[in-house]
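Working notes, beginning with the structure itself.
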Amino acid sequence: MSAAASPEQIVRDGPATGPAVLFVLPLFEEANRLRRTVRLAMRALAERGVGSTLPDLPGQNESLVPTVDATLTNWRAALAGHIANADRPVLVASIRGGALIDDIAGAARWRLAPVRGASLLKTMMRTRIAGDREAGLDTSMAELEAKATNEAVRLAGNVLSPAMIAQLRVAEPAALAPCRDVALGAGDNALPGRPLWLQAEPGEDAGLATAIANDINAWMTSCEII
Amino acid sequence: MIFEGADTVEATVRAVLRDVLGIDEARVAGFDAQTELFGSLPELDSMAVAGLLTELEDRLGMTVDDDEVDGEIFENFGALVRFAQTKALG
């Protein structure tokens with residue numbers, strides 16, 4: 001299967017041949033909080049001889065697509081296109097809300113701290129309500145939810161369509177093997193690090209980046225992608 | 001997740017404050033019931049409150065009705081823990 005080349009920016013690191021890791025950042029504002037750490041993880045993978053790519057989702061980061069045109073469906077399709085065009089085995093490594101769109105047949109998955117769409121949506125709605133309040137507007141959650149069902153609304157800097165909001169309300173990380181889930185913390189299936197996606201202050205976590213690279217590298221070997 | 005008691009809820013509230021506000025483990029460990037939050041912790045603004053409420057919901061398996069959230073629950077650590085315990089333990 002071939003797909004049209006993506007017009008979106010793709011950051012690449014490491015060897016251009018052999019198996020590759022396709023990183024899917026968290027969605028919306030959380031993506032900005034993880035980008036630097038994921039770039040460090042890509043560098044660390046390159047040092048281990050593993051190539052990786054980080055494409056922009058249509059409507060996010062440098063993309064020229066208006067965010068209001070984005071849906072989880074077309075994000076998933078964009079990722080499937082990258083995999084189809086890769087011409088090499090691909091492991092999808094998603095973080096947080098990235099796990100809502102990584103269910104692409106034929107690719108193995110690695111997930112860090114997957115989250116339900118409803119949780120992301122609720123935080124974005126609360127952020128909008130808090131912003132409204134600072135501007136002297138009293139918006140209730142019920143009013144905002146009703147409005148978002150019928151028209152595009154701006155939530156935490158992103159204009160989201162009713163279609164996107166309807167999808168986020170019910171989206172869950174899909175159960176689709178092969179898949180490895182890791183969380184932050186100590187012990188098996190956990191990586192040491194800070195939950196940067198929760199924190200407004202920009203930061204990076206080099207220790208977490210190294211742990212991500214090591215864990216993905218080991219998982220690629222164990223699920224025979226390498 | 002099943003939470004057994006008030007101490008577990010308090011530990012979770014501490015962890016959520018640490019994670020959402022990005023503050024030191026040692027600093028959060030020193031919080032007592034009288035430690036003032038909103039207005040005293042510069043990291044805790046109204047935007048941070050949005051993430052904090054959702055994170056409490058997810059980790060404690062509870063639902064917060066936003067209309068019942070007022071400034072009082074963020075007045076000090078004790079008030080926030082009591083609010084979370086009421087919601088999570090009933």
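Considering each residue of region B:24-54, count those that are closer than 19 Å to B:Asp7 by Cβ, of a type outside the set (S, T, N, Q) and surrounded by 15 or more Cβ atoms within 10 Å (Cβ to Cβ), and give that number.
Number of matching residues: 2.
Taking B:Ile73 and the conditions (1) β-branched (Val, Ile, Thr); (2) within 11 Å of chain A (Cβ to nearest Cβ); (3) within 21 Å of A:Ile129 (Cα to Cα), which numbered condition does it fall short on, given that it satisfies the others?
Unmet condition: (2).
Select, from A:Ala148, A:Ala177, A:Ala142, the only residue that is more than 22 Å from the chain's Cα centre (by Cα), of a type in the set (A, V, I, L, M, F, W, C) and exposed (fewer than 12 other Cβ atoms within 10 Å of the Cβ).
A:Ala142
Of all residues in region A:206-226, count the ones that are modelled with pLDDT of 95 or more and either touching a helix residue (DSSP H, G or I) at 6+ places or on another chain (Cβ under 9 Å) or crowded, with 20+ Cβ neighbours inside 10 Å (or both).
Qualifying residue count, region A:206-226: 10.
Residues in region A:123-130: is at least one among the basic types (Lys, Arg) and either over 23 Å from A:Arg96 (Cα atoms) or not in a helix (DSSP H, G or I) (or both)?
Within region A:123-130, none of the residues are among the basic types (Lys, Arg) and either over 23 Å from A:Arg96 (Cα atoms) or not in a helix (DSSP H, G or I) (or both).
Listed here are the residues, each with its yes/no results for (1) touching a residue at least 24 places away in the same chain (Cβ under 8 Å); (2) within 14 Å of another protein chain (Cβ to nearest Cβ); (3) of a type in the set (S, T, N, Q).
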{"residue": "A:Pro173", "(1), (2), (3)": "yes, yes, no"}
{"residue": "A:Ala211", "(1), (2), (3)": "no, no, no"}
{"residue": "A:Asp215", "(1), (2), (3)": "yes, no, no"}
{"residue": "A:Cys223", "(1), (2), (3)": "yes, no, no"}
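Can you pull out every residue in region B:32-52 that is within 14 Å of chain A (Cβ to nearest Cβ), among the acidic types (Asp, Glu) and touching a residue at least 12 places away in the same chain (Cβ under 8 Å)?
Listed by number, the list holds a single entry, B:Glu43.
Consider A:Ala156 carefully, then state whether it is on the phi > 0 side of the Ramachandran plot, of a type outside the set (Ser, Thr, Tyr) and either crowded, with 19+ Cβ neighbours inside 10 Å or within 10 Å of chain B (Cβ to nearest Cβ) (or both).
Against the criterion (on the phi > 0 side of the Ramachandran plot, of a type outside the set (Ser, Thr, Tyr) and either crowded, with 19+ Cβ neighbours inside 10 Å or within 10 Å of chain B (Cβ to nearest Cβ) (or both)), A:Ala156 qualifies.
Could you check A:Gly203 against (1) under 30 Å from A:Gly14 (Cα atoms); (2) crowded, with 16+ Cβ neighbours inside 10 Å; (3) in contact with a helix residue (DSSP H, G or I) (Cβ under 6 Å, 6 or more places away or on another chain) and say which number it fails?
Result: A:Gly203 passes all but (2).
Could you tell me which of the residues A:Val92, A:Val50 is closer than 28 Å to A:Thr221 by Cα, in contact with a Lys or Arg (Cβ under 6 Å, 6 or more places away or on another chain), among the hydrophobic types (A, V, I, L, M, F, W, C) and modelled with pLDDT of 95 or more?
Of the residues listed, the single one that is closer than 28 Å to A:Thr221 by Cα, in contact with a Lys or Arg (Cβ under 6 Å, 6 or more places away or on another chain), among the hydrophobic types (A, V, I, L, M, F, W, C) and modelled with pLDDT of 95 or more is A:Val92.
Tell me, which strands (runs of 3 or more DSSP E) wholly within region A:12-120 include 2 or more residues that are under 13 Å from A:Pro173 (Cβ atoms)?
The strands (runs of 3 or more DSSP E) meeting that bar are A:90-95, A:108-112.
With respect to A:Leu137, is the statement that it is in a loop (DSSP other than H, G, I, E, B) and out of contact with any Lys or Arg (no Cβ under 7 Å at 6 or more places or on another chain) true?
So A:Leu137 passes the test.
Can you spot a residue in region A:91-109 that is under 13 Å from the mean Cα position of the chain (by Cα) and over 21 Å from A:Arg180 (Cα atoms)?
no
The values are calculated or read from the model by the stated rules, or taken from the named source; none is laboratory data. Everything numeric here is computed off the predicted structure, so don't read it as measured data. All Cβ positions, even for glycine, are placed from backbone atoms using ideal geometry, and neighbour counts span all protein chains on display.
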